[in-house]
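*Asks:* Before I ask anything, let me first share the structure, which is written out below as structure tokens.
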Amino acid sequence: MTPDHSTEPLVALGFTGLESEVYSLLLRESAVTGYRIAKGLRKPASNVYKAIESLEAKGAVMVDQGRHRVCRAVPLDEVLAHIERRFREARSRAVETLAIPDGAEADQRVYDLRSTEAVQERARAMLRRAGEVAILDAFPALVTLLEDDLAAAADRGVLVALNAYAPTAIEGVEVAHAAHSDRTRRRWPGDWLNLVVDGREFLIAFLTPDGASVHQAIWSGSPYLAWTYHSALSSELILNILENLVEQGTGTKQLRSELTRLQRLKASSAPGYHELVAEIAEQETAETRKR
């Protein structure tokens, strides 16, 4: 028997390295004893027997109850379905047990995100949380990754606007095409993603060109920082739309009409603004009481 060292996908699913090797071998060998598995993998028999017991408990291996204790792999599709079901059940328990109660104190610190997966999932979570307005400024590869999430937010009635660096159209999303987009993308050796939601949280990320790692990425739920960034992104997006119209020879009357329409992107009543004002008022009241 030749051991299979392509165990990474199984390890990612929660198997140990040895469990992955045992299961991979059993997928190729129809029915094998623990002793032969240990011999084929050149692993201590005691460790292999423990791995078999663990795999049996996970529903990945069946063991014959006869004298020789022959092992057989459960088909991969059954194992994956079992893992997926367990994950859904664990996820539901975690949501019920660990949900943050309403009114919990907001965290205004600034945090680093170290992986592209963390960046992508945080962006998706922010768009799911969006209640009124979401503004995204992102390079094409990252827009493609978030396209369904942007459309879903817009479908819920969220005002969604995108500053794009390539021709893009997403149902329900206000799209501005960044001026000099080709030059901008050439100047920056990577992909960026800048997102602000409800003027209350923001994400700034710059990834390597292959999307495999992060140059730098930060997230914060600070209303002051988020609202400031919302103001900057919305203003840039409005400017890009108007610049494109000017280049197309649009008349003054239509430009003024478009500028009036675009004022909605400033979202002056966004939750982040009201939270910021309330926080400042609370601080001033506290200072007054101290005096």
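*Asks:* Hey, does the stretch 54-69 have a residue that's charged (D, E, K, R), part of a helix (DSSP H, G or I) and touching a residue at least 12 places away in the same chain (Cβ under 8 Å)?
*Replies:* Within the stretch 54-69 (the criterion being charged (D, E, K, R), part of a helix (DSSP H, G or I) and touching a residue at least 12 places away in the same chain (Cβ under 8 Å)), the answer is no, since none of the residues qualifies.
*Asks:* Tell me, please, whether a residue that is out of contact with any Phe, Trp or Tyr (no Cβ under 7 Å at 6 or more places or on another chain) and under 16 Å from residue 128 (Cβ atoms) can be found in the stretch 175-188. Reasoning before the result, please.
*Replies:* In the first step, residues of the stretch 175-188 are kept if they are out of contact with any Phe, Trp or Tyr (no Cβ under 7 Å at 6 or more places or on another chain); the result is 175-177, 179-180, 182-183, 186-188.
Cutting the leftovers down to under 16 Å from residue 128 (Cβ atoms) gives us none.
No, the stretch 175-188 has no match at all.
*Asks:* Then there's this: Of the residues that make up the stretch 80-92, is at least one of a type in the set (Asp, Glu) and touching a residue at least 12 places away in the same chain (Cβ under 8 Å)?
*Replies:* Of the residues in the stretch 80-92, the ones of a type in the set (Asp, Glu) are 84, 89.
Checking the rest, the ones that are also touching a residue at least 12 places away in the same chain (Cβ under 8 Å) come to none.
Looking for residues that are of a type in the set (Asp, Glu) and touching a residue at least 12 places away in the same chain (Cβ under 8 Å), one finds none in the stretch 80-92, hence no.
*Asks:* When you look at residue 91, is it surrounded by 16 or more Cβ atoms within 10 Å (Cβ to Cβ) and within 18 Å of the chain's Cα centre (by Cα), yes or no?
*Replies:* Values: surrounded by 16 or more Cβ atoms within 10 Å (Cβ to Cβ): no; within 18 Å of the chain's Cα centre (by Cα): yes.
No, not satisfied.
*Asks:* Pairs under 9 Å by beta carbon, first residue under 12 Å from residue 72 (Cβ atoms) in the stretch 29-41, partner among the aliphatic types (A, V, I, L, M) and part of a loop (DSSP other than H, G, I, E, B), six or more apart or different chains?
*Replies:* Listed by first residue and then by second, the contacts come to 29/1; 32/1; 37/1.
*Asks:* Testing residue 278 on (1) of a type in the set (A, V, I, L, M, F, W, C); (2) out of contact with any Lys or Arg (no Cβ under 9 Å at 6 or more places or on another chain); (3) closer than 27 Å to residue 141 by Cα, one condition comes back false. Which one is that?
*Replies:* Going through (1) of a type in the set (A, V, I, L, M, F, W, C); (2) out of contact with any Lys or Arg (no Cβ under 9 Å at 6 or more places or on another chain); (3) closer than 27 Å to residue 141 by Cα one by one, residue 278 breaks only (3).
*Asks:* Pick from the stretch 233-247 the residues that are surrounded by 15 or more Cβ atoms within 10 Å (Cβ to Cβ) and farther than 15 Å from residue 261 by Cβ: which of them is nearest to the chain's Cα centre (by Cα)?
*Replies:* Going through the qualifying residues, I end up with 233.
Every read-out reported here was derived from the displayed coordinates using simple, explicitly stated rules and does not represent laboratory data. What you see is a predicted model; the values in this text were computed from it and never measured. Don't worry about glycine lacking a Cβ; one is built from the backbone with ideal geometry, like all the others, and counts go over all protein chains shown.
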